[in-house]
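The values are calculated or read from the model by the stated rules, or taken from the named source; none is laboratory data. Everything numeric here is computed off the predicted structure, so don't read it as measured data. All Cβ positions, even for glycine, are placed from backbone atoms using ideal geometry, and neighbour counts span all protein chains on display. With ligands, DNA and RNA removed, areas are computed over all heavy atoms of the protein, side chains included. Shrake-Rupley method; radii C 1.70, N 1.55, O 1.52, S 1.80 Å.
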Amino acid sequence: DSGVTQTPKHLITATGQRVTLRCSPRSGDLSVYWYQQSLDQGLQFLIQYYNGEERAKGNILERFSAQQFPDLHSELNLSSLELGDSALYFCASSAVGTGLDGYTFGSGTRLTVV
Amino acid sequence: GEDVEQSLFLSVREGDSSVINCTYTDSSSTYLYWYKQEPGAGLQLLTYIFSNMDMKQDQRLTVLLNKKDKHLSLRIADTQTGDSAIYFCAEIGATLQGAQKLVFGQGTRLTINP
């Protein structure tokens with residue numbers, strides 16, 4: 001157990017729907033990162049939050065949004081889902097916002113859009 | 001921008017050494033990382049090397065860094081069936097906002113033959 005908790009583990013939904021993925025960072029970590037892992041794109045950085053504030057954005061679509069709450073858990077919202085959004089979504093956390101301490105990853109949420 | 005390249009597949013015999021190679025583009029990377037992903041799991045930080053080091057050894061793992069050629073390798077001695085996984089090389093890169101993020105290679109799938 002890495003200490004980073006992601007729920008749900010699996011999600012199957014239809015095109016056009018909206019889903020919310022949840023992440024609880026490791027105790028004491030202030031920074032949360034979201035990554036998308038697909039077969040053809042590899043691991044793509046989506047977005048980072050640090051202590052409740054958005055710190056950096058990567059290749060995140062406008063249909064996707066995220067937030068980090070005062071208790072430091074984070075949610076990734078995916079809307080108007082398309083077949084191509086099917087992927088593994090990982091959350092990672094680190095103590096500081098630089099990532100120099102390496103990231104601790106959760107076990108991911110596998111999203112299947114049908 | 002940053003780019004990290006790895007070969008996609010490596011197959012070795014049990015008991016042999018495995019060498020996984022990686023090239024990166026950002027010469028200012030301060031840390032370089034190796035992560036392991038087992039089936040159905042998240043990424044686990046295996047080891048990292050600071051950019052002013054040439055080599056780091058940790059039990060069966062040896063990391064070699066050639067800064068001039070921007071080449072990083074991970075050697076696993078006495079490879080066991082439990083080493084079967086996907087191995088990701090990562091470097092610290094910058095986001096558009098100037099924050100730091102980990103940039104991952106595509107991953108090398110290591111297969112162990114009995």
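The table below gives the values:
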{"item": "Nearest-20 debye value, the protein assembly as shown charge dipole, Cβ charges on Lys, Arg, Asp, Glu", "result": "100 debye"}
{"item": "Cα-centre dipole for chain B with unit charges at Cβ (Lys and Arg positive, Asp and Glu negative), debye to 20", "result": "80 debye"}
{"item": "Positive-pole candidate from B:V63, B:L102, B:T81, dipole of region B:26-114, charges at beta carbon", "result": "B:L102"}
{"item": "Fluctuation leader among A:E82, A:E53, A:E62 - chain A, Gaussian network, Cα springs under 10 angstrom", "result": "A:E62"}
{"item": "Within chain B, percent of DSSP bridges classed antiparallel, to nearest 5", "result": "90 percent"}
{"item": "Shape category assigned to chain A from the gyration tensor of Cα positions, a/c cut at 1.5", "result": "prolate"}
{"item": "In nm, spacing of pseudo-spin labels at A:E75 and A:E54 (7 Å Cα→C-beta vector)", "result": "1.6 nm"}
{"item": "Lysine pair number, Cα distance threshold 26 Å (strictly under), the protein assembly as shown, separation 8 or more or different chains", "result": "17"}
{"item": "Rg/Rh ratio calculated on Cα atoms of region B:20-67 (Kirkwood radius)", "result": "0.99"}
{"item": "Accessible area expressed per residue, chain A, with surrounding protein chains retained (probe 1.4 Å, Å²)", "result": "46 Å²"}
{"item": "Candidates B:N52, B:N66, B:N21, ranked by Gaussian network fluctuation over chain B, Cα under 10 Å, top entry", "result": "B:N52"}
{"item": "Max mean-square fluctuation residue, GNM over chain B, Cα-Cα springs under 10 Å, options B:S73, B:S18, B:S51", "result": "B:S51"}
